[in-house]
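Submitted below is the structure of interest, expressed as structure tokens.
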Amino acid sequence: MKIYMDVRKTNGSIEEFDKAKLARGIHEAYKTAGQYCDDSIVVSIINNLYIYDGIYSSEIRRQVVDSLMSINKKVALAYIEKFDADLDLRKKRDFIKDYIDAKNAASGSKFDANANVTRKNIVTLGNELYKENNIKQNRYIMCDKIKTLYGRHLADQYLKDLNSHVLYKHDESGTPGFPYCVAITMYPFLISGLKELGGVSVAPTDLKSFCGEFINLVYSVSSQFMGAVATPEFLMYFDYFIRKDYGDDYLEHLDDVVELNIKKRTLTKVIDNYFQQVVHSMNMPAGNRGYQTVFWNIGYFDKPYFEGVFGDFRFPDNTAPKWETLDWLQRHFMNWFNEERNHYILTFPVETMALLTDGGDDFADKDYADFTAEMWSKGHSFFCYLSNSPDSLSSCCRLRNSLKDMTDETHNHTTHQYSMGTASVSTGSKSVMTINLNRLIQDSVRRYFAERRGVHLEAGKPLNPVSNFYDKDDLYTNFIAKDIREMTERVHKYQIAFNEIIKDFLKAEMLDVYKAGFIDMRRQYLTVGVNGLTEAAEFLGLDVSPNPEYGAFVNTILETINIANRNDRTADAMFNTEFVPAENLAAKNYKWDKKDGYFVSEKHNLYSSYFYNPEDENVSMIDKFKLHGEDFVKYLDGGSALHMNIAEHLSKEQYRQLLKVAAHYGTNYFTFNCRNTVCNDCGYISKDTLAKCPKCGSENLDYLTRVIGYLKRVSSFAEPRQIEAGKRFYAPKEQENA
């Protein structure tokens, strides 16, 4: 016969009810409160508890707190505080156990799974352990600032939006006040080196010191941002120091021996060695980023693009960049990096080729378009950004033109800036807050049917196109667009509050990167992210393909946000819209919405980061170019990179033709993604997707692909992303040829 009572703990475990342990806890609360505690009081409290077999520990706590509140409120509060502290310790203990058992670092992360952490170890554990505390602290500081600016009601609404999962604040788990990402100008680096960032190094004087200090520069800057650090000028500065060391005519001396030691290296080999020093250093885990690699981006430019962005640029010695040598260096680095990836798994830099179109279906610099196609045909993996004007990147020039555009009512006021920081100069995003469109729109539609039709829609089900008919103009204008506009306007206020927090840190001289002039805070955006768009379309019964109905739906949403961004802009707060990559948010939104009774398609296990579903075999390559073309992205500012998944690499001629297709449809940001193969036994790397290692014959293989934006082993992905990666449709040769 059972003579004791079981208690169910918060972590799911069961233990015997312990009166002595409970009595000690009450005594400690009295002691903490500085109050005298008579044993008879403790005995009375415990004897009056209603304890039964299987009771939850939280219920015992509630009864004890109620009793203490009636006796001594100060002691009751001390008991609550002690209980919460112990609970936090127990949760951390349990988290450590779960993290040790996790498959990899991304799967072990409770709050923001990231495949950029290659190895799970004590450092990554330490970084994860206090993220929950950071989230609470971030929300407390944000609510305090929102309350100061807009009142308590909006501060409460901020927490409600976050807790209901209609809104997500990216990187809440970091230190409060950290900006998101940045594309820096490196000019201050040429003037004062690293001294303005707290270092001791003076300005670089030659190629050797430039490369060494550049590595430290990127690590130093990245430690003050949660996301990416882009250095679009990297190769231009690299070329400058080659010319300082070896002359403006160094292209004529590439085969000359320039090292008189035993190695007898040629100039080309010296340049390659410096490439290797920089790139391999950047792919090392960074201790100050929880053992993540620095998320480093660089840009390449064709000649007219380069002249448009850097035509008036001068180095400190008043010399201008030299296109002829930079042209060679860009091509050489790209070829070197492509070859280096045959020997090492190198994620960074994420590269973006910026090409200027001729206003039609081809390019102003056809030679660089040919070179771009050639590099893809060699198996190299990089992004391409197309524009009909070099000011469409958010460089210094672009921002001046943006201000001019604000007076032009015919301009749709998109800024084409990416919070990944890619291929832009002196810009970035201070903060990203993402709206869960699937949840928001389903709420709007349910409200429409309740108010207009007197119908309450069944939870977890899509609209029935026969029985759930609707007036599209009424639904889109008076419900969906209205709710999106109101949500966006709230997000703008939240973002302005965050902007004020950053400004407080800047005034306190705690943001060295800004103070040193690597970035002007006024040139960074406050980003409104969107996620769940294709899922909302599926709920409405729309066909997710390039068709007028889907296009009208997409543009209703994005234009509404775009107009609100323009209307709410202030002197020091610019807003933009991004289709966020959502590496881990996509899985979170799917899970949260499914749990709360919203419709989510069983075809997926997470939300799409594109205007199509990656597993859909019926959406052709041309369809994908259309879906990420001008008709769909004209009101979007960034993030909408088309990842064209292909089963095999194409020829140079095929890639060149697809570049023309991209130019024709206005697809301004895209990459080709063919899975690379890594042998887990011998380490052999192939740019092709193979079933067996050609070197040792092993079938113990892993694959390199873009989790979302950057190249990593699939085995490094979080579990939901690994499942999604297995579902992705990679266009076969027949479709590619077509």
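I'm trying to understand the selection: among the residues of segment 4-29, which are over 45 Å from the mean Cα position of the chain (by Cα) and among the β-branched types (V, I, T)?
The one that is over 45 Å from the mean Cα position of the chain (by Cα) and among the β-branched types (V, I, T): I26.
Out of all the residues in segment 441-473, which are touching a helix residue (DSSP H, G or I) at 6+ places or on another chain (Cβ under 8 Å) and either over 29 Å from Y610 (Cβ atoms) or not assigned by TED's automatic domain parsing to the domain that holds A586 (or both)?
If the condition is that a residue be touching a helix residue (DSSP H, G or I) at 6+ places or on another chain (Cβ under 8 Å) and either over 29 Å from Y610 (Cβ atoms) or not assigned by TED's automatic domain parsing to the domain that holds A586 (or both), then R452, V455, H456, D471 are the ones that fit.
In this structure, does K366 turn out to be at pLDDT 95 or above, within 15 Å of Q657 (Cβ to Cβ) and surrounded by fewer than 19 Cβ atoms within 10 Å (Cβ to Cβ)?
yes
Quick test of your reading of the structure: K595 fulfils all but one of (1) over 29 Å from K472 (Cα atoms); (2) without any contact (Cβ under 8 Å) to a residue 12 or more places away in the chain; (3) not aromatic (F, W, Y). Name the failing condition by number.
K595 satisfies every listed condition except (1).
For N11, only one of the following conditions fails: (1) more than 21 Å from R90 (Cβ to Cβ); (2) touching a residue at least 60 places away in the same chain (Cβ under 8 Å). What is its number?
(1)
Same structure again: How many of the residues in segment 141-179 are over 21 Å from the mean Cα position of the chain (by Cα) and in a helix (DSSP H, G or I)?
Summing the residues that are over 21 Å from the mean Cα position of the chain (by Cα) and in a helix (DSSP H, G or I) in segment 141-179 gives 18.
In addition: Within 30 Å of K591 (Cα to Cα) and modelled with pLDDT of 95 or more: which single residue out of Y168, Y240 fits that description? Walk me through how you get there before you give the answer.
On the way: Y240 fails: within 30 Å of K591 (Cα to Cα).
Step by step, each of Y168, Y240 is checked, and only Y168 is within 30 Å of K591 (Cα to Cα) and modelled with pLDDT of 95 or more.
Another question, if that's okay. Filter segment 17-55 down to residues that are farther than 22 Å from D84 by Cα and touching a Leu at 6+ places or on another chain (Cβ under 9 Å), then give me how many there are.
0
So, one more: Any idea which residue in segment 700-720 is nearest to G683 (Cα to Cα), counting only those that are of a type in the set (S, T, N, Q) and either under 15 Å from the mean Cα position of the chain (by Cα) or not in a helix (DSSP H, G or I) (or both)?
That would be N700.
Only one of (1) of a type in the set (S, T, N, Q); (2) more than 16 Å from E724 (Cα to Cα); (3) surrounded by 24 or more Cβ atoms within 10 Å (Cβ to Cβ) is not met by T556, so which one is it?
Exception for T556: condition (3).
If L326 satisfies all but one of (1) surrounded by 22 or more Cβ atoms within 10 Å (Cβ to Cβ); (2) modelled with pLDDT under 95; (3) not hydroxyl-bearing (S, T, Y), what's the number of the condition it fails?
(2)
Additional query: Output yes when any residue across segment 292-304 is of a type in the set (D, E, K, R), surrounded by fewer than 17 Cβ atoms within 10 Å (Cβ to Cβ) and under 20 Å from I685 (Cα atoms), and no when none is.
no
Which of the residues belonging to segment 598-628 are surrounded by 24 or more Cβ atoms within 10 Å (Cβ to Cβ) and without any contact (Cβ under 8 Å) to a residue 40 or more places away in the chain?
K624
Moving on. Could you list, in sequence order, the residues of segment 11-26 that are assigned to a helix (DSSP H, G or I) and either surrounded by 15 or more Cβ atoms within 10 Å (Cβ to Cβ) or not charged (D, E, K, R) (or both)?
A20, L22, A23, G25, I26
Restricting to segment 340-387, and then to whatever is acidic (D, E) and under 22 Å from M644 (Cα atoms), can you tell me which residue is nearest to the chain's Cα centre (by Cα)?
Among them, the one singled out is E351.
For segment 27-81, how many residues are part of a helix (DSSP H, G or I) and not hydrophobic (A, V, I, L, M, F, W, C)?
Counting residues in segment 27-81 that are part of a helix (DSSP H, G or I) and not hydrophobic (A, V, I, L, M, F, W, C) gives 22.
Take N138 and decide whether it is modelled with pLDDT of 70 or more, assigned to a helix (DSSP H, G or I) and under 30 Å from V714 (Cβ atoms). Talk me through it step by step, then tell me what you get.
Working: modelled with pLDDT of 70 or more: yes; assigned to a helix (DSSP H, G or I): yes; under 30 Å from V714 (Cβ atoms): no.
No: the conditions fail for N138.
Under 8 Å between Cβ atoms, which residue pairs at least 6 apart in sequence (or on different chains) link something in segment 278-295 that is on the phi > 0 side of the Ramachandran plot and in the same structural domain as Y344 (by TED's automatic domain parsing) with a partner that is hydroxyl-bearing (S, T, Y) and modelled with pLDDT under 75?
G290/T124; Y291/T124
Let me ask another. (1) modelled with pLDDT of 85 or more; (2) among the charged types (D, E, K, R); (3) in contact with a Ser or Thr (Cβ under 6 Å, 6 or more places away or on another chain): which one isn't true of D39, the others all being true?
In the conditions (1) modelled with pLDDT of 85 or more; (2) among the charged types (D, E, K, R); (3) in contact with a Ser or Thr (Cβ under 6 Å, 6 or more places away or on another chain), D39 misses (3) alone.
Okay, next question. Out of all the residues in segment 444-463, which are surrounded by fewer than 16 Cβ atoms within 10 Å (Cβ to Cβ) and touching a Leu at 6+ places or on another chain (Cβ under 9 Å)?
Once the filter is applied, which keeps residues that are surrounded by fewer than 16 Cβ atoms within 10 Å (Cβ to Cβ) and touching a Leu at 6+ places or on another chain (Cβ under 9 Å), segment 444-463 yields A450, R452.
On to the next question. Identify, from the list K626, K603, K652, K687, the residue that is modelled with pLDDT under 95, in contact with a helix residue (DSSP H, G or I) (Cβ under 9 Å, 6 or more places away or on another chain) and of a type outside the set (S, T, Y).
Unique residue meeting the criteria: K603.
For segment 620-647, enumerate the residues that are aromatic (F, W, Y) and out of contact with any Asp or Glu (no Cβ under 7 Å at 6 or more places or on another chain).
F625, F632
To continue, here is another question. If you go through segment 307-323, how many residues are crowded, with 19+ Cβ neighbours inside 10 Å and either part of a loop (DSSP other than H, G, I, E, B) or hydrophobic (A, V, I, L, M, F, W, C) (or both)?
Total meeting the criteria: 3.
Right, here's the next one. All but one of (1) closer than 16 Å to Y550 by Cα; (2) of a type in the set (S, T, Y); (3) touching a strand residue (DSSP E or B) at 6+ places or on another chain (Cβ under 6 Å) hold for Y607, so report the exception by its number.
Here Y607 clears every test but (1).
Considering only segment 239-284, state which residues are among the polar types (S, T, N, Q), under 32 Å from the mean Cα position of the chain (by Cα) and in a helix (DSSP H, G or I).
N273, Q276, Q277, S281
The values are calculated or read from the model by the stated rules, or taken from the named source; none is laboratory data. In this text, all values refer to a predicted model and were calculated from it rather than measured experimentally. FYI the Cβ positions are ideal-geometry reconstructions off the backbone, even for glycines, and counts take in every protein chain you see.
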